[in-house]
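The values are calculated or read from the model by the stated rules, or taken from the named source; none is laboratory data. Here the structure is a predicted model, which means the values were calculated and not measured. Reconstructed Cβ throughout: ideal geometry from the backbone, glycine too, with neighbour counts over all protein chains shown. Please note that ligands, DNA and RNA were not included when accessible areas were found on the heavy atoms of the full protein model with its side chains. Shrake-Rupley method; radii C 1.70, N 1.55, O 1.52, S 1.80 Å.
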Amino acid sequence: MLSTSKTSQNLKPVVVTVAITLAIWLGSKWYYNDWFDNPYKYPAKAASLSASVLFCWCLMLSTRNRTLENYFGGLDKVYQIHKRLGKAAFWLIILHPLFLALDRLPDLAAFLQRLWFIAPHGDRYLTGHNIGLAAFLTMIALLVPTLWVKIPYHCWKRTHEWFGAFLVLLVVHIVIVNRDVAAYPLLRYWMYGLLGLALTSFIYIRFLYRSIGPRYRYRIAEIERFRDVLEITFTPVGKKMSFRPSQFVYLVIHKARITAEPHPYSIACGYNLDSRFKLGIKQAGDHTRSLELLEPGDEVTVYGPYGHFSDRFLKADRDCVFIGGGIGITPFLGMWHVALHTGERPIPPGTGTTELALHPEISRDWKSPNVALFYLVPTKDQASFDNDIRNEVILSHFHGFPAFEERGHHYELYEDVRQGFITADYIDSRVQGGMRNKNIFLCGPTPMVAGLIRQFRKMGIRDDQIIIEDFNLV
């Protein structure tokens, strides 16, 4: 079942694109004085045009394009918008055939007949109608499992790989019915341009991304297990990947009996000159459970890195509160490492201004903000990364918790079963100076994140102080 973020997203470019499409359509009808006799065709056509534009956006957003990622504030935000648009397109496209058949009522048989395949007998429009219905049923078949059925990640991904078939049927439908899109030149160029971008996006992500996307060869250096979480350390083979704390990568494993589809995982360490990195992987499905077969020395391909979760932390203009629930703690581990080792990273010879801009934390002039980290788990024995977090404190220049707390940092393992669900008031009472003038970072289950955001807003904390990592694909 599709899990969609409850937080607001930047939909302005999408809304503008839909508005331009509808304006071109209505303007063309006015210019050519080509109005419908059947009033139900207006909502039918508006729904189909809007759904088509949203579907084009869905495909463009699926490309992991850097420009789109940077504009929307991170790939997690891009995919949340992608999911919202997919849902909206689904409901809009349903309206198209319903309104086209509405004039057949109250004759229910004729209404239902209009919603199904019709023998064309050489009629071009009816042929286009049948192809459009085939496209509609294809979309239903692909989206219903995503929206209402909980399916494994690899099955979800395979259904998405067939959306190219829907796109082809949609274009053929538009050409054959030869109505508004094909009839009005400006609308035709606009829609064919969007559909061309969508088709190019599909071809890229489906067939070309694995060979020309941002990719690096790595080798497994170490594997540690804590209950149902694997902590895997990777070392580069050849070209090194430059990453920022809290970013994530798509991991592809090249080993028999482990499926090779890419899976996203957060990097659970800070940047280092060797470009080694660690992933914390919770074994929750068939694919992640198969990772038991991995051994040191196995080679993988990583794609990325992606994400902007740590940008505000690295800006260091405000103290920070980190709240990680369950496996949602992993994006914080890299920032935690950076915060505790401020000033310990000498700038290597030859380091350019571009690298310093990407990694300000390696400069001796960069000073970490104070950080309060809350690690939320049901019970202590499920706190897979608690030892890692505490060891960072001991191995840092603080050499333990007294100096660490004196500096203004704070760490707390919070057990839901024993202490109850955490509240904003509790966090506020545990953070030095309270939370109202701090940046608050959240990553974890959607209900936890949404609930805390509501409480923070009631406390008067502004939305621009709340930074969310929300990468729930399904």
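Consider the range 383-408 and keep the residues that are under 30 Å from the mean Cα position of the chain (by Cα) and crowded, with 18+ Cβ neighbours inside 10 Å. The one that is nearest to Met448 (Cα to Cα) is Ala383.
Taken over the range 287-296, the criterion of being over 20 Å from the mean Cα position of the chain (by Cα) and open to solvent by less than 40 Å² (accessible area, probe 1.4 Å) is satisfied by Ser290, Leu291, Leu294. Here Asn178 fulfils each of the conditions (1) farther than 30 Å from Leu333 by Cβ; (2) at pLDDT 95 or above apart from (2).
When you check Arg227 against the structure, is it surrounded by fewer than 17 Cβ atoms within 10 Å (Cβ to Cβ) and closer than 14 Å to Gln283 by Cβ, yes or no? Yes, satisfied. Just to verify a result, which residue in the range 276-286, among those that are open to solvent by less than 20 Å² (accessible area, probe 1.4 Å) and in contact with a Ser or Thr (Cβ under 7 Å, 6 or more places away or on another chain), is farthest from Leu340 (Cα to Cα)? Among those residues, the one meeting the criterion is Ile281. Scanning the range 243-280 for residues that are out of contact with any Pro (no Cβ under 8 Å at 6 or more places or on another chain), at pLDDT 90 or above and basic (Lys, Arg) yields Lys255, Lys278.
Taken over the range 101-116, the criterion of being surrounded by 13 or more Cβ atoms within 10 Å (Cβ to Cβ) and within 15 Å of Ile131 (Cα to Cα) is satisfied by Arg114, Leu115. For the subset of the range 319-335 comprising residues that are within 15 Å of Phe243 (Cα to Cα) and not hydroxyl-bearing (Ser, Thr, Tyr), which member is modelled with the highest pLDDT? Applying the filter and picking the extreme gives Phe332.
Condition check ((1) more than 23 Å from the chain's Cα centre (by Cα); (2) not small (Gly, Ala, Ser)) across all residues:
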| site | (1), (2) |
| --- | --- |
| Tyr71 | no, yes |
| Asp76 | no, yes |
| Gln80 | no, yes |
| Ala89 | no, no |
| His96 | yes, yes |
| Leu100 | yes, yes |
| Arg104 | yes, yes |
| Leu112 | yes, yes |
| Leu115 | yes, yes |
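Checking every residue in the range 83-101 against the condition of being touching a Gly at 6+ places or on another chain (Cβ under 7 Å) and modelled with pLDDT under 90 gives zero matches.
Does Lys83 satisfy the condition of being touching a residue at least 60 places away in the same chain (Cβ under 8 Å), in a helix (DSSP H, G or I) and open to solvent by 40 Å² or more (accessible area, probe 1.4 Å)? Here the answer is no, as Lys83 does not meet what is asked.
If the condition is being modelled with pLDDT under 90 and among the hydrophobic types (A, V, I, L, M, F, W, C), then the range 218-242 contributes Phe226, Val229, Leu230. Among the candidates Leu442, Leu413, single out the residue that is touching a residue at least 40 places away in the same chain (Cβ under 8 Å), surrounded by 12 or more Cβ atoms within 10 Å (Cβ to Cβ) and either out of contact with any Cys (no Cβ under 8 Å at 6 or more places or on another chain) or over 24 Å from Phe248 (Cβ atoms) (or both). The match here is Leu442.
Against the conditions (1) out of contact with any Phe, Trp or Tyr (no Cβ under 7 Å at 6 or more places or on another chain); (2) in a helix (DSSP H, G or I); (3) open to solvent by less than 30 Å² (accessible area, probe 1.4 Å), where does Gly270 fall short? Just the number, please. Among (1) out of contact with any Phe, Trp or Tyr (no Cβ under 7 Å at 6 or more places or on another chain); (2) in a helix (DSSP H, G or I); (3) open to solvent by less than 30 Å² (accessible area, probe 1.4 Å), Gly270 violates only (2). From the list Ser201, Ser211, the lone residue that is under 22 Å from the mean Cα position of the chain (by Cα) and loosely packed, with under 14 Cβ neighbours inside 10 Å is Ser211. Among the residues of the range 94-103, is any closer than 20 Å to Cys443 by Cβ and assigned to a helix (DSSP H, G or I)? For the range 94-103, residues closer than 20 Å to Cys443 by Cβ and assigned to a helix (DSSP H, G or I): absent.
Go through the range 315-333 and count every residue that is open to solvent by less than 20 Å² (accessible area, probe 1.4 Å) and either farther than 22 Å from Arg64 by Cβ or assigned to a loop (DSSP other than H, G, I, E, B) (or both). Quick ask: steps written out before the conclusion?
We begin by selecting, within the range 315-333, every residue open to solvent by less than 20 Å² (accessible area, probe 1.4 Å); these are 320-325, 328-333.
Those left that are additionally either farther than 22 Å from Arg64 by Cβ or assigned to a loop (DSSP other than H, G, I, E, B) (or both): 320-325, 329, 332-333.
Final tally of qualifying residues: 9.
Matching residues to (1) under 13 Å from Leu291 (Cα atoms); (2) open to solvent by less than 40 Å² (accessible area, probe 1.4 Å):
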position: Tyr218; (1), (2): no, yes
position: Gly238; (1), (2): no, no
position: Met241; (1), (2): no, yes
position: Arg257; (1), (2): yes, no
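Taking the condition of being of a type outside the set (Ser, Thr, Tyr) and buried (at least 19 other Cβ atoms within 10 Å of the Cβ), how many residues in the range 30-59 meet it? Explain how you work it out, then say what you get.
To start, the set of residues in the range 30-59 that are of a type outside the set (Ser, Thr, Tyr) comprises 30, 33-39, 41, 43-47, 49, 51, 53-59.
Now narrow it down to the ones that are buried (at least 19 other Cβ atoms within 10 Å of the Cβ): 44-47, 49, 51, 53-59.
Qualifying residue count for the region: 13.
One line per residue, one yes/no per condition, for (1) touching a Lys or Arg at 6+ places or on another chain (Cβ under 9 Å); (2) without any contact (Cβ under 8 Å) to a residue 12 or more places away in the chain; (3) part of a strand (DSSP E or B):
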site: Ala165; (1), (2), (3): no, no, no
site: Val171; (1), (2), (3): no, no, no
site: Ala182; (1), (2), (3): yes, yes, no
site: Leu186; (1), (2), (3): no, no, no
site: Phe202; (1), (2), (3): no, no, no
site: Leu230; (1), (2), (3): yes, no, yes
site: Ser246; (1), (2), (3): no, no, no
